1. Along the charge dipole of region A:915-960, Cβ charges K/R +1 and D/E -1, which of A:Q933, A:I922, A:L955 sits furthest on the positive end?
2. Return the whole-Å distance between the Cα centroid of region A:540-555 and the Cα centroid of region A:896-934.
3. Once each part is reduced to its C-alpha centroid, what is the distance from region A:63-124 to region A:324-393 in angstrom?
4. In debye, nearest 20, what is the charge dipole magnitude of region A:828-960 about its Cα centre with +1 on Lys and Arg Cβ and -1 on Asp and Glu Cβ, if you could check?
5. Working out 0.36 nm times the residue gap between A:R105 and A:S560, then minus their Cα-Cα distance, what length gain in nm do you get to one decimal?
6. Between B:Y68 and residues 5 or more places away or on another chain, which pairs have amide H atoms under 5 Å apart, with H built 1.01 Å from N, and which residues are they?
7. Using 7 Å Cα-to-Cβ label points, what is the A:E929/A:H189 separation (nm, one decimal)?
8. Mind giving me the nanometre distance, one decimal, between the label points for A:Q864 and A:Q804, set 7 Å out from Cα along Cα→Cβ?
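Nothing in this text is a laboratory measurement; each read-out follows from the coordinates by a stated rule. What you are looking at is a predicted structure, and each value in this text was computed from that prediction instead of being measured. FYI the Cβ positions are ideal-geometry reconstructions off the backbone, even for glycines, and counts take in every protein chain you see.
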Amino acid sequence: MIQTEASCCRIIFGMGKGKSKEAEIKRINKELANIRSKFKGDKALDGYSKKKYVCKLLFIFLLGHDIDFGHMEAVNLLSSNRYTEKQIGYLFISVLVNSNSELIRLINNAIKNDLASRNPTFMGLALHCIANVGSREMAEAFAGEIPKILVAGDTMDSVKQSAALCLLRLYRTSPDLVPMGDWTSRVVHLLNDQHLGVVTAATSLITTLAQKNPEEFKTSVSLAVSRLSRIVTSASTDLQDYTYYFVPAPWLSVKLLRLLQCYPPPEDPAVRGRLTECLETILNKAQEPPKSKKVQHSNAKNAVLFEAISLIIHHDSEPNLLVRACNQLGQFLQHRETNLRYLALESMCTLASSEFSHEAVKTHIETVINALKTERDVSVRQRAVDLLYAMCDRSNAQQIVAEMLNYLETADYSIREEIVLKVAILAEKYAVDYTWYVDTILNLIRIAGDYVSEEVWYRVIQIVINRDDVQGYAAKTVFEALQAPACHENLVKVGGYILGEFGNLIAGDPRSSPLIQFNLLHSKFHLCSVPTRALLLSTYIKFVNLFPEIKTTIQDVLRSDSQLKNADVELQQRAVEYLRLSTIASTDILATVLEEMPPFPERESSILAKLKKKKGPGTVTDLEEIKKERSSDMNGSAEPASVNASAVSTPSPSADLLGLGAAPLTNSAPPPSSSGSLLVDVFSDSASAVAPLAPGSDDNFASPDLASSEVVSEEPADTVHDADELFHKFVCKNNGVLFENQLLQIGLKSEFRQNLGRMFIFYGNKTSTQFLNFTPTVICSDDLQPSLNLQTKPVDPTVDGGAQVQQVVNIECVSDFMEAPILNIQFRYGGTFQNLSVKLPITLNKFFQPTEMSSQDFFQRWKQLSNPKQEVQNIFKAKHPMDAEITKAKIIGFGSALLEEVDPNPANFVGAGIIHTKTTQIGCLLRLEPNLQAQMYRLTLRTSKEAVSQRLCELLSEQF
Amino acid sequence: MINAVLVFNNHGKPRLVRFYQHLAEEVQQQLIRETFHLVLKRDEHICNFLECGSLFGGADYKLIYRHYATLYFVFCVDSSESELGILDLIQVFVETLDKCFENVCELDLIFHMDKVHYILQEVVIGGMVLETNMNKIVAQVEAQSKLEKAEQGGLSAAPSRAVSAVKNINLPEIPRNINIGDINIKVPSLSQFM
């Protein structure tokens, strides 16, 4: 051992004295080489030397160096009969051995021997090792054995303790391998064991098992209550060793209270009464003077108290106890111990959601606000923010929001973003007066602009657009806020957007005349990033429509070299196109194209989704309530979405007139395009895959009486129509009938350019009766959602008999995708509820741009894509007559160019094209070789991306 | 469940590391470093709990720590453990170390790494609390020492001689005795180090 010490000393102090890292590594490598040579040497090492070297290896491991040998020596130590050797062997194994080591069989063997040895010390070592490693192989080997040891009558207490925890560990890692059985009832009875250490271990085990199998362990409730009762009412000396600083068995009490939190309040009135008595006693004891001034005494006592309060909150059934708990926590809020203040704030957060105690929690608002201002510890301030958020309701929202804003000015950077989200949510949720809401959000941007995420400012725009009573105020407020010489870019974005829509509402005031508004915005222009500038350009063109009197000023700006020749393609394109638009379009066309935004469909706030993502779902409280409240606040009075017939129903020629492509310029103020994607995102709520299409459609889905009281006829919910055949027809064409039954016909017309597209869906009512609550919804699966942006416009919920309504879907392909979106349609026809779903034929090949190339180019590129992953090939039987002209038409319809005279064999077809997505462009080559004799085809796709080759090959193979 | 027990000194050098979930060695070292940075920048007398963010796999985990003279004792636990309970458990662990080593100091953790592990093993196994009764823990450790002595004869006296030899060398960075705060443990030779 002296040697160990000496070398350790060298390692420790050699490094401590400022020697370089290299010197340390050198020294350690030398030591490792020495140990390795000892292990490999001819001379057999005695047990003592083995132990010494294993110890050294552990120390080197502790210092952060890999140990890649010595495992075998450690395993050998396990089978030693000497306790010290066995012990160090087990230590090495449990610190260093991976669960998937090949040695695991040897280790298991040694463990098996020790378990069978009936030597309690050896059994203990073996059980500790199983608990510490806890691998699947160990579970396989011992999960059957350990319950027997645990419940055997002659097992020593210390072994029982270890066995209980060992079983718990195995259950955690491989629950499927731990069979429930006879032993479970006997384990429950360990709660009555004499030895409190055994009871503690057993309680841990039962708590975990009961969470998964509540029925099997139901009897533990009454046993736990009586055990708890005996501890709580005992004098502090009764439990001898398990009394910790005058508190009887605090850990066991905590564990028992945790176990009870797995179950609802006990049904048996006697048990329930006894539990209530225990909880009251614990609350009473908190008021007694402390039996010791030591912090350990109060810690232990309060650990039990907090757990009791958790149980009271969990049961949420005894108003009396809840209010007492709340008062107790209120006392802790002002305690001098920081730990207690922290825990009190945390517990109160859960208490705030109980209807019995919500009011009681609210009485502490001043204390909590004070904590926010005076606590030195950021963890505690964070808890205070959480609690304020949880206790907020209509009565105190203004105060809480004001205090949070106040705090935000000095808040720690690490929690600013979260506070911003919380303020934004509370302001929206409890806004009675929307001018207050607008003020609050603008304040947020002013105080913490960098922490205001896109979701927050999108949301304020959505709300302003949906509520016409606040639009004038919003315009005035942003106009005033923009006067500040240095304002945050987010404010410029919100300001630009709102003035572009509603600047006319304040233009009557000479202080905010059109020209002044324009000059104000333009003064910020050059300080902003590209996306903001792009947004401002859209504002300018909207001004052209709103204020014809400043059209020439705006045209001059657009015409300037810094715009028309801007190095950024997006800005340049906007400038050129807007300038053209303002020059050649008539006032009518301008008014149509640049019309005010239609209201946004209501949906769950994207901010809430963001907060949930940030904090994990459990931590955002009363979501349901928020949802409910919001829909009554916002939806209740919001105007039903007005569908602008002229803009929506005809594929107006003005859209393509300017060569803007399929970009949905009509009706959506700033044209979405690649770098303008921040605007696209305003529409597409990333958190909800379902974009409701009809006004109030949320309610239609949610309303339970609709689903239950209506007879669901014809199509039971969620049958996706097996229109695969029809679906495949649309792969090579863009127009046609997608679906038809006795009631409804769905027709499609679509156009695609580069990564954008637009689809018109025509819903024809074939009957003579009205369809009511007609709600079409386009659903993207979770996989599809990130790849495909779909925006839909609402349709009228009533479809008259014999009438046809039309709906536009704007499509943006973000990246390549496999699945197709689903179109779900719900409506009521003659008192019955109809629900049907069809696949919407938006497929990857729609984003093809054909590419012409020479034979030489084609084969050169073909060779470049020779990586096996880039090629996908399919050989299949012809389903249709093999007609060369039809095949050519299909390949062209598929989207690629058909290259003539490229393939040496004239019977073969080759094609080339580029798939455009927002993120990348993917070059694709294809070759189709028909074999007329065999009536077979061989189709080969080569692209730079495997998934694309795969998908295109699938789609095209179905066509022949 | 307790996910990890970490002890490091004021310079961030690990002195005892025990993970109860399988992590690659690099990840372990990274966690030790990050935990050290989180804990080190906190003032004395503020709360002993902190959320460790994504460090140990999610918001469910907390670091609960105590600082004794030159050493930080950090337990990383999930939400199934009582914060104050763990805080007391750290105290029990340290008091036990103090009893077993008679006035424990940082060097004891270095030179008796194996023994420290064995003591920890009597308190926590597989991430679960095994025993909280200090007398029982000490009794177990003493029984082990007896077994060791029986097997090794006089050799086991050597480490303690080495420790006292090093303790008396005048090193600039000599690890100080652990100050256990206000508990009643006799601290006979404290003066020469403090």
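1. The Cα lying farthest towards the positive end belongs to A:I922.
2. 48
3. Between the Cα centre of region A:63-124 and that of region A:324-393, the gap is 49 Å.
4. With Lys and Arg at +1 and Asp and Glu at -1, about 620 debye.
5. Working: separation 455, 0.36 × 455 = 163.80 nm, distance 7.85 nm.
Extra length from A:R105 to A:S560 when fully extended: 156.0 nm.
6. Those qualifying (amide H under 5 Å, at least 5 residues apart or on another chain) are B:F73.
7. With each label placed 7 Å out from Cα toward Cβ, I get 7.8 nm.
8. Computed distance between label sites A:Q864 and A:Q804 equals 4.5 nm.
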